[in-house]
Amino acid sequence: MSRSIPGNIGSLPHWARVAFAARCSRNVLPLFERFWPDAPAGRLEPLRAAIALAEQSAREGQPAPELEEAIVGSVITAGAALKPTYGFSPGKEPVPVDEHASQIASFVAKSAEWAAKAAQQGPSGSVNAALEAYIWARDTAHMAEAVDVLARLQDDFTGLHRVARRSRWSDDTPVPPSVFDLVAEAPPEKPWWAFWQ
């Protein structure tokens, strides 16, 4: 059964939410590179760090100590990507080619920021933060017309939700990124009427 992500993200346990937020950001990270191909390394690295640290936190079941620095770097990258949109002079730094590319690059950075925030916060705060990471990723994929990414976001959530429920995960259960390889291979649940077949 397909599940709507926004309405059900709170039904995932804490570290599963963090893992999902990181996965959302990782799914759209290639779009940052596609729409801002000449971005300086200093713009991309905080996003990679934010995602990796969120994954590490979910895997270890505790917030990584370097999350705040990655969050700040992601916020700065999001702002830098929007320079052409607001008419700021780019200076010597290359900027995205147009407003559309600027928004996509900025949205990817916002998704990474919120994934790291989900890892930084406890169970009560990770619901909103993971939802933000997902929404920024979803909106990025919509803007980039990346239908495959949109499908992957839904499939990742549905599979993760199924595994978390069947395994009876709690807010304390660590969730490694490799779980998404498993959920991709897991057979879908049978509908209620199929159990007698």
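The values are calculated or read from the model by the stated rules, or taken from the named source; none is laboratory data. Not measured: the values here are computed from a predicted model. A quick note on method: Cβ atoms are made from the backbone with ideal geometry, for glycine too, and the neighbour counts reach across all protein chains shown.
Residue pairs whose Cβ atoms lie under 6 Å apart, sitting 6 or more positions apart in sequence or on different chains, and linking a residue in segment 128-157 that is farther than 17 Å from Lys110 by Cβ to a partner that is of a type in the set (S, T, N, Q), are Arg152/Asn27. Residues in segment 122-151 that are surrounded by 15 or more Cβ atoms within 10 Å (Cβ to Cβ) and either outside any helix (DSSP H, G or I) or among the aromatic types (Phe, Trp, Tyr) (or both): Tyr134, Trp136, Ala144, Ala146. From the list Pro40, Pro13, Pro46, Pro65, the lone residue that is loosely packed, with under 14 Cβ neighbours inside 10 Å and touching a residue at least 40 places away in the same chain (Cβ under 8 Å) is Pro40.
Based on this model, can you work out whether Arg26 counts as farther than 15 Å from Phe157 by Cα, crowded, with 20+ Cβ neighbours inside 10 Å and touching a helix residue (DSSP H, G or I) at 6+ places or on another chain (Cβ under 6 Å)? Spelling it out, it is not the case that Arg26 is farther than 15 Å from Phe157 by Cα, crowded, with 20+ Cβ neighbours inside 10 Å and touching a helix residue (DSSP H, G or I) at 6+ places or on another chain (Cβ under 6 Å). Considering segment 77-118, and only residues there that are modelled with pLDDT of 95 or more and within 16 Å of Ala41 (Cα to Cα), the residue that is surrounded by the fewest Cβ atoms within 10 Å (Cβ to Cβ) turns out to be Ala78. Look at Gly91 and say whether it is under 30 Å from His161 (Cα atoms) and without any contact (Cβ under 8 Å) to a residue 24 or more places away in the chain. No; evaluated as a whole, the condition is false for this residue. Can you go through Ser111, Ser106 and tell me which one is small (Gly, Ala, Ser) and touching a Cys at 6+ places or on another chain (Cβ under 8 Å)? Of Ser111, Ser106, the one residue that is small (Gly, Ala, Ser) and touching a Cys at 6+ places or on another chain (Cβ under 8 Å) is Ser111. Summed over segment 171-189, the residues that are surrounded by fewer than 12 Cβ atoms within 10 Å (Cβ to Cβ) and either part of a helix (DSSP H, G or I) or modelled with pLDDT of 70 or more (or both) give a count of 5.
Restricting attention to segment 77-84, does a residue exist that is within 19 Å of Val179 (Cβ to Cβ), assigned to a helix (DSSP H, G or I) and of a type outside the set (Val, Ile, Thr)? Looking through segment 77-84, none of the residues is within 19 Å of Val179 (Cβ to Cβ), assigned to a helix (DSSP H, G or I) and of a type outside the set (Val, Ile, Thr). There is no residue in segment 112-125 that is within 15 Å of Leu31 (Cα to Cα), more than 11 Å from the chain's Cα centre (by Cα) and of a type in the set (A, V, I, L, M, F, W, C).
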